[in-house]
Amino acid sequence: MPAVIQLEDFHKTYRTGEIEVRAVRGVNLIAEPGEFVAIMGSSGSGKSTLMNTVGCLDRPTQGKCLIDGVDIGSLSRNELADLRNRKLGFVFQGFNLLARTTALENVQLPMLYARPRITVSEQNRRAAEALELVGLGQRMDHTPSRLSGGQQQRVAIARALVNRPTLLLADEPTGNLDSRTSIEIMGIFQKLNDEGMTVVMVTHELDIAHYCKRIVVMRDGLVRSDAPVTARLNALEELQKLEAEQKAVQLNP
């Protein structure tokens, strides 16, 4: 099987008038099927540029970016859009849900652009299945205003999964959530990864990165470190610890 992500001497340079910004400066990076990778780095490190390219929203200025063996630099705009829709799922810090549509309808949206077309009955079935997977089977008819932040992020995850992507990309997915809800969301990602999905996540939070299997740290457009997580956190165990701490506080106020 080809690598899910393969960056070869990847450079990205932006130009504004006479100003040239070298956002990424020759990165080589591979993510194999079934990996769970956290990408970390301060603002301006190049991690967002890297994610935009991996997400087929941009192209390398120099070098190659292959997604599931396909060189995105050789694709037309329409072919890139098709690759995004077939191979990639996106989860963002902002949930980006349509306010006046139900959870089920929000999850159906990516299927509207699928080729070949998906029947309405199949859209309903797959959207309901995705919501069940993230624990929102009883909230399908709720609009975002009737859902908590964590529930909205679960809807966003279901939407990212509904086209059965090869790769799930998450950009600060816990940035707007409290600690407990963040752990719950990371639990969903760990479960998906345990089932074989490749997950790549940008985060500023080191404790969140430790739910992943591998941490890549970027600085000044370069990969400064790339190492496996040695003391990996398990979301289920962390939730159990949190519940035990809360009970202890209630018993000993």
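Data for the structure
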read-out	value
Globularity index of the range 1-85, i.e. its alpha-carbon radius of gyration over 2.2 N^0.38 Å	1.09
Share of Cα-Cα pairs in the range 54-182 lying beyond 23 Å, as whole percent	36
Alpha-carbon centroid distance for the pair the range 21-84 / the range 102-166, whole angstrom	26
For the range 156-253, radius of gyration divided by Kirkwood radius, i.e. Rg to Rh on alpha-carbons	1.03
Zone of residue 132's modelled label, taken as backbone nitrogen in the range 154-195 under 15 Å from a point 7 Å along Cα→Cβ	162
Over the chain, equivalent-ellipsoid semi-axes from the Cα gyration tensor in Å	30, 25, 16
Of all DSSP beta bridges in the chain, antiparallel share, percent nearest 5	55
Residue among 61, 16, 198 with the largest mean-square fluctuation in a Gaussian network model of the chain, springs linking Cα atoms under 10 Å	16
Chain lengthening between residue 236 and residue 143 when straightened (0.36 nm per residue, less Cα-Cα)	30.7 nm
Relative packing of peptides 17-24, 102-109, 151-158, 234-241 - highest average C-beta neighbours within 10 Å first	151-158, 102-109, 234-241, 17-24
Label-point separation in nm, residue 20 to residue 125, each point 7 Å along Cα→Cβ	5.5
In the range 34-119, the trypsin sites (Lys or Arg not before Pro) that fall in loop regions by DSSP, at most 15 other Cβ within 10 Å	100, 117
Gaussian network model of the chain, Cα within-10 Å springs - most flexible of 201, 140, 40	140
Phi-based couplings in Hz for the range 8-24 (Karplus 6.51, -1.76, 1.60; Gly and Pro marked x)	10, 6, 6, 10, 9, 10, 10, 10, 10, x, 8, 8, 10, 10, 8, 6, 10
Unit charges at the beta carbon, dipole of the range 69-173: most positive-side option, 119, 170, 92	119
Relative contact order computed over the chain (Cα-Cα under 8 Å; 6+ residues apart), in percent	26
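Laboratory data are not the source of any read-out in this text; all were calculated from the coordinates shown. On a predicted model such as this, the values are computed, not experimentally measured, just so you know. In this analysis, Cβ positions are derived from the backbone assuming ideal geometry, glycine residues included, and neighbour counts consider all displayed protein chains.
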